[in-house]
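Structure first, then comments.
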């Protein structure tokens, strides 16, 4: 049975009844065999397999979509789909437009976000299954009346100057990822749309080489719960700065600060670990300039230090309990002295094998701490840190 036919089967009364039944079942491997055996008396094996796959995808999709239980996914479509929060963030950049075309819309994650503020949105995808799912998912999220979907190659879609488009190019073929900066359609084609007068946003991988963005485009690095998610590229007509770091769910943004520079000095009382969006955007100095009263501990490492706690959404603050040159034996002795039994190891600018350190420390203390492996003044270094108290 072809994929579109399977989707139609899932949408049939029998498919809907089966999906509803499976939503209340345990799908652990040890329980699934019994469930499948029981269902075979009422449903075809093909429909059972398709419904099981869809139920498992819906369960995974709950991390991205509130209404995941009513939506439809493929494995590849779910992996590439923007979360609801990310899609709404993209949509806010198009506040001045009443219609946006979502090229390579996939299963509709961004399409839903683009239509969520009363705006019309048209999705385009050459995969007929994804195109159908995108419309179904827009309906499930109550924006279907503002959404149209076209099954076509994006190269064949006419875009008029003055129009707006968001593009999420494919960065893999099957299970194979393209090299960094490669996509389908190519970035060069996306850039050319802007040269033709289209207002363009592009969703790219966070590892995108920075020199691939043309002059005048904004690179926005976005993290969600301190996990770096993407690099969004905004054409000159949508750009407001050259580099931006955005933190979700708060939505706080940090932009370039002209002439921002920081002194390099020995560590103070506190260590500030910038969000990965800040470090990837190259905005550590801009963060330091915004905060004031802080400095770098090494010219090449993106940690900041201060003598007072600095409250910011753009960095995690830790109190330094111990600071010492890197040496495993010395670190273990210090952790024993501090009664540390549980550690979270983070490293930046360090070549030390974290797993090996964890194996060799063999701690038995009662306290928890964060061990930071890094460099200070170009020397391998270790910090033992704890979260500062609220009244610090």
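The values are calculated or read from the model by the stated rules, or taken from the named source; none is laboratory data. All of these numbers come straight from a predicted model, not from anything done at the bench. Here Cβ is always computed from backbone atoms with ideal geometry, including for glycine, and neighbour counts include all displayed protein chains.
Looking at segment 320-329, is at least one residue within 32 Å of the chain's Cα centre (by Cα) and outside the structural domain of residue 248 (by TED's automatic domain parsing)? Yes, the conditions are met somewhere in segment 320-329.
Highlighted here are the helices (runs of 4 or more DSSP H) found entirely within segment 1-60 that include at least 3 residues which are surrounded by fewer than 18 Cβ atoms within 10 Å (Cβ to Cβ), out of contact with any helix residue (DSSP H, G or I) (no Cβ under 7 Å at 6 or more places or on another chain) and modelled with pLDDT under 90: 29-39.
For segment 346-378, residues that are in a strand (DSSP E or B) and farther than 17 Å from residue 271 by Cβ total 1. For residue 307, the conditions (1) surrounded by 14 or more Cβ atoms within 10 Å (Cβ to Cβ); (2) more than 20 Å from residue 350 (Cβ to Cβ); (3) modelled with pLDDT of 95 or more are fulfilled apart from (1). Looking only at segment 330-340, residues that are outside any loop (DSSP other than H, G, I, E, B) and either surrounded by fewer than 16 Cβ atoms within 10 Å (Cβ to Cβ) or assigned by TED's automatic domain parsing to the domain that holds residue 227 (or both) come to 4 in all.
In segment 341-361, of all residues being in contact with a helix residue (DSSP H, G or I) (Cβ under 9 Å, 6 or more places away or on another chain) and within 25 Å of residue 307 (Cα to Cα), the one that is surrounded by the most Cβ atoms within 10 Å (Cβ to Cβ) corresponds to 343.
Looking across segment 254-266, the residues that are surrounded by fewer than 23 Cβ atoms within 10 Å (Cβ to Cβ) and in contact (Cβ under 8 Å) with a residue 12 or more places away in the chain come down to 255, 256, 257, 260, 261, 262, 263, 264, 265, 266.
For segment 151-242, the strands (runs of 3 or more DSSP E) that sit wholly inside it and include 1 or more residues that are surrounded by 15 or more Cβ atoms within 10 Å (Cβ to Cβ), over 21 Å from the mean Cα position of the chain (by Cα) and in contact (Cβ under 8 Å) with a residue 24 or more places away in the chain are 164-167, 199-204.
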